[in-house]
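Engineer: Here's a structure for you.
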Amino acid sequence: MKTTLHIARILALFSISMSPALSSSLPVPDRGFLSSRPAANWEEGLICGNGTLGMLAFSHPNDERIIFTHEELFMPMGDPVVPPDQSMHLPEIRSLIAEGKYKEAEALQAKYSGQDGFMYPDYFVPAFDLQITQPGGEARDYARTVDFSTSEARIKWTNDLGTFERGLFCSRKDRIAVVRLQAEKPGSLNATLKLVPRKTSDEFNKDTDIAKKSSDSFKEHFGDIESRSTSDSLSYSMQCLKAYEGSITAVNGHARVITKGGKATAKDDGSLVVENADEVLLLVDIALPREKGSDLFDELAAKLDKVEADYDKLLSSQAKLHGELFNRVRLDLGGSAEDHKKSTEELLEISTWEDINMALLEKEFDAGRHNIISSTGKLPPNLQGIWGGTYVPNWASDFTHNGNVPSAIAANLPGNMPELTPAYTSYIESLIPDLQLNAKHLFGARGIVLPSRTSTNGYNNAYSENFAGGMWVAGAGKAARFFYDYYLFTGDEEFLAKHAVPYLEQCALFFEDYLYEDENGQFVFSPTQSPENWPEGSDSQATFNATMDVAVAKEVLHNLIAASRTLDINADKIPKWKGMLAKMPPYMLNEDGIIKEWLTPKLGNNDKHRHSSQLYPLYYVMPEEIEQDPKLVEGFRKSVEFKLAEHWKDPEDRGFMSFGLVQLGQVVSTLGDGELSLLCLRHLVNRFWLNNLASMHNHRHLFNMDISGGQPALIIQMLVGSDVGEVKLLPALPKEWKTGTLEGVLCRGAIEINRLHWTPGKVEVAMTSKEAQTIDLILPGQEPRKVELSAGETVKLELPRKG
């Protein structure tokens, strides 16, 4: 009842009637969703994108705002702060840590940074709004949709003046944004159009404090704002007031406006008034000049003039490119056709903790893949993907590497979108000079250190006397997982030789210099930070032997050795790397049989924390070292059970940091525990998505793309697992998923599972390998089967299944 009243208030606010025909004006896309009300704030806007440009539409009938964004629009905030060389103080910091003076060590590193405190990189911010004002009274038969297979958003309504519709998408082929306004009755379309600064008063249900901070930030960093119009164009420009060498210096937006019927009149205030038209088409692009005093409006206009002004043809080409990528994978867990026709508002209302609505789960799976495809271009998705509505975004909407970005890109490879991964690897490679400076200036080491946060540079400024981010050394090695996995999933040896191995070597170089031996000949990792956590009873994040750091170092060396053997290189270095592996601290259990977060008896766990970095070893695969130790295997399971019971104990609690559930789910799916995996999904499905099927960081709030990648990755990992030479079918299948189908996912070994279908007594699988190979095919509770795969030939098998 409370939800229904809330919706009614929103509909009243935007002059929309609540009628039995509310959702009947638009069909529900086969793979997409229908929503029955417009956005109450920018987080609920409909989203579409082509990786470079993003649009977010509030979907209001009479007073519309469409927020435009560009993947490279990180707001210049002044010259980057280069970390000074403080490596000569490393022995002092290590001595303090060895003496148990952790807070002093943390403060000392912060002191030598020369910073006033923790520093975020340049913020990701919006470019401008397209404001559309259309006359009319109360709207009825309102609906809005997004088709995931084309990334087209549509809004349709009827009022006393007629029936109207808007359509919008960002073209991958033409690299532009496209918006169409239509009237059902010829000559009845009247609208005022203008490109304007991002409106701040509508943020978070008119939160005046946030709105003021956003407005103040905008005024501090942007100036010389100008909106212009002609009879067939709109433009917008603003200058960056804190530009620096190499940064963007301005924002240029240009729209070519094509009016069918009626007339269009440019006004002095930069608006364009359209009267008595049949249709209006806008072709929009954004440029970000990097030379002071320059603009790129001529280039934008020339580009847009070459584009054929035909919405349907542009959408058709978009459907081919975007659709080919999106439609490779399909999940069917039994969501009913009837439920698939329901609005997202209805699905979110009827899906419960005890009874997940499977249509909603399937839509979220599709939405996640759509959101990541749409927000991956030259760069990977930032915290908000490619969208945003504020100039004070949470955590700068940067690339946060200690958990968020890895979750957002987790489905790229298993979800059969491998061409998205180079956006991430090339971005990381572009930072290498900065990462080398971090290693040298903080630790006196060769190699690279990736900080927890980056945007326009890779310098580590993300630490203070109360946040030991300068001590986190797992970042670069953690990123290496995706370099090596790209090779494993695609079989691309050229990438392995030119990108993965050189990057892995940089990671290994750092550990060669950073690690030192204790009196027993075992390596010591000092200083370390286990992301954002602190040991029990400690007042500092400064630590040593963080489990994540040890696990990442082991993984880097194992993968570098394997890759070197594949390429028949580094024969002289492999013995050294194997020797390093022999000196690594072993994993440890605490007195409760839970995995220790720091591999020393001196530091106790703080397992109620939202992060689960100590469980990193099982995020993706099962290392042999752990598989052969039943106590460790059980320790990882117990750790997840404890986290779920303590940090996530209340299904009705608001919840914080949704990607933490992805991490826990990855661990238990690697362990083959379907029921614990499903428990993680129960939280994710019902608590962290809005009616626009955008994912959130917190319970129904804080726009964030982490689980848009992480949730599909978890579902895939529950149904298909893989490692070199083996494919696991249904490794973590929940008991209640008695039948289902998954199509098109990828496995390590460059194998595609064309189709996987299961019923209580049978499993059918079709798979195609890029290369000829023999694999172990594994079903739970059964002995592995040897399967011969020929290059490019599809093998179909029908196997008995227990349960």
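Engineer: Give the residue list of trypsin sites (Lys or Arg not before Pro) in segment 319-356 that are DSSP loop and have at most 14 other beta-carbon atoms within 10 angstrom.
Structural biologist: Answer in residue order: K341.
Engineer: Any idea of D549's accessible area? Nearest 10 Å², probe 1.4 Å.
Structural biologist: Probe radius 1.4 Å; accessible area of D549 about 0 Å².
Engineer: Just list whichever of K478/K638; K212/K643; K267/K306; K643/K728; K194/K303; K378/K638 have alpha carbons separated by over 29 Å in the model shown.
Structural biologist: In this structure, K212/K643; K378/K638 lie more than 29 Å apart at Cα.
Engineer: Report the full-extension gain for the segment K796 to D629: residue separation times 0.36 nm, less the Cα-Cα distance, to one decimal in nm.
Structural biologist: Between K796 and D629, full extension yields 56.6 nm more.
Engineer: Okay, which of segment 407-449 sit inside 18 Å, backbone N to the point 7 Å along the Cα-Cβ direction of K573?
Structural biologist: 429, 432-433, 435-437, 439-440, 445-449
Engineer: Which whole number in µm²/s is D for segment 661-758 by Stokes-Einstein, with the Kirkwood Rh taken over Cα pairs at 25 °C and 0.890 mPa s?
Structural biologist: Calculated translational D: 175 µm²/s.
Engineer: Which value results when the Cα radius of gyration for segment 417-528 is divided by 2.2 N^0.38 Å?
Structural biologist: Segment 417-528 yields a ratio of 1.13.
Engineer: For segment 456-534 and segment 736-803, write down the distance between their C-alpha centroids in whole Å.
Structural biologist: What the calculation gives is 34 Å, centre to centre.
Engineer: Which order do you get for T543, T456 if you rank them by accessible area with a 1.4 Å probe, largest at the top?
Structural biologist: In descending accessible area the options line up as T456, T543.
Engineer: A further question on this structure: Counting just the Cα atoms, what span does segment 705-803 cover along each of its three principal axes? Round to the nearest Å and put the largest first.
Structural biologist: 35, 34, 19
Engineer: What value, in deg cm²/dmol to 500, does the helix sum -39500 (n - 2.57) over DSSP H runs of n ≥ 4 give at 222 nm once divided by the residues of the chain?
Structural biologist: Rounded to the nearest 500, the figure is -9500 deg cm²/dmol.
Engineer: How many percent of DSSP beta bridges within the chain run antiparallel, rounded to 5?
Structural biologist: Once the DSSP bridges in the chain are tallied, antiparallel ones form about 95 percent.
Engineer: Post the alpha-carbon centroid distance, segment 292-343 to segment 81-139, in whole angstrom.
Structural biologist: 36 Å
Engineer: Same structure, new question: Would you rank E226, E299 by solvent-accessible area, highest first, keeping every protein chain in place and using a 1.4 Å probe?
Structural biologist: In descending accessible area the options line up as E299, E226.
Engineer: Taking 8 Å as the Cα distance limit and 6 or more residues as the minimum spacing, I'd like the relative contact order of segment 656-750 as a percentage.
Structural biologist: 29 percent
Engineer: Another question, if that's okay. First measure r as the distance between the Cβ atoms of K313 and Y120, then evaluate 1/(1 + (r/R0)^6) with R0 = 45 Å and state the FRET efficiency to the nearest 0.05.
Structural biologist: 0.55
Engineer: Something else about it: Ordering Y487, Y236 from largest to smallest accessible area (1.4 angstrom probe), what's the sequence?
Structural biologist: Sorted descending by solvent-accessible area, the residues read Y487, Y236.
Engineer: Report, in degrees rounded to the nearest 10, the 0 to 90 angle that the Cα long axis of helix 706-719 makes with the longest principal axis of the chain.
Structural biologist: Here the helix axis deviates by roughly 60 degrees.
Engineer: Let me ask you something else. Using only Cα atoms, tell me the angle between helix 630-646 and the longest principal axis of the chain; keep it within 0 to 90° and round to the nearest 10.
Structural biologist: That works out to roughly 40 degrees.
Engineer: At K602 and W353, where each label point lies 7 Å from the Cα along Cα→Cβ, what is the point-to-point distance in nanometres?
Structural biologist: Label-label distance for K602 and W353, simple model: 4.2 nm.
Engineer: Now a separate question. Segment 162-267: Rg/Rh from Cα coordinates, Kirkwood Rh?
Structural biologist: Rounded to two decimals, Rg/Rh equals 1.04.
Engineer: Quick one: accessible area per residue over segment 359-424, 1.4 Å probe, rounded to a whole number of Å²?
Structural biologist: I get 12 Å² per residue for segment 359-424.
Engineer: What is the mean projected area of the alpha carbon convex hull for segment 546-693, to one decimal in square nanometres?
Structural biologist: 10.9 nm²
Engineer: On the full set of protein chains, 1.4 Å probe, figure out the accessible area of T454 and give it in Å² to the nearest 10.
Structural biologist: Around 0 Å² of this residue is reachable by solvent.
Engineer: Against the longest principal axis of the chain, how steep is helix 421-430, in degrees 0 to 90 to the nearest 10, with axes from Cα atoms?
Structural biologist: 70 degrees
Engineer: Where q = 0.06, 0.10, 0.11 Å⁻¹, what log10 of I(q)/I(0) comes from the Debye formula for the chain, counting one point per Cα?
Structural biologist: -0.38, -1.07, -1.27
Engineer: Hand me the trypsin sites (Lys or Arg not before Pro) from segment 231-281 located in a DSSP loop with no more than 12 other Cβ atoms within 10 Å, in residue order please.
Structural biologist: K267
Engineer: For a test of the definition: using alpha carbon positions, the gyration tensor, and the 1.5 limit on a/c, classify segment 321-441 as rounded, prolate or oblate.
Structural biologist: Cα axes put segment 321-441 in the prolate bin.
Engineer: GluC sites (Glu not before Pro) within segment 593-665: which are DSSP loop residues with at most 12 other Cβ atoms inside 10 Å?
Structural biologist: Listed in order of number, the matching sites are E652.
Engineer: Once ligands and nucleic acids are excluded and a 1.4 Å probe is used, how much of H697 is accessible, expressed in Å² to the nearest 10?
Structural biologist: For H697, the solvent-accessible surface is approximately 10 Å².
The values are calculated or read from the model by the stated rules, or taken from the named source; none is laboratory data. From a predicted model like this one, the values you see are computed outputs, not experimental measurements. Cβ coordinates were reconstructed from backbone atoms using ideal geometry, including for glycine residues, and neighbour counts include every protein chain displayed. All accessible areas refer to the heavy atoms of the entire protein, side chains included, with ligands and DNA or RNA removed. Shrake-Rupley method; radii C 1.70, N 1.55, O 1.52, S 1.80 Å.
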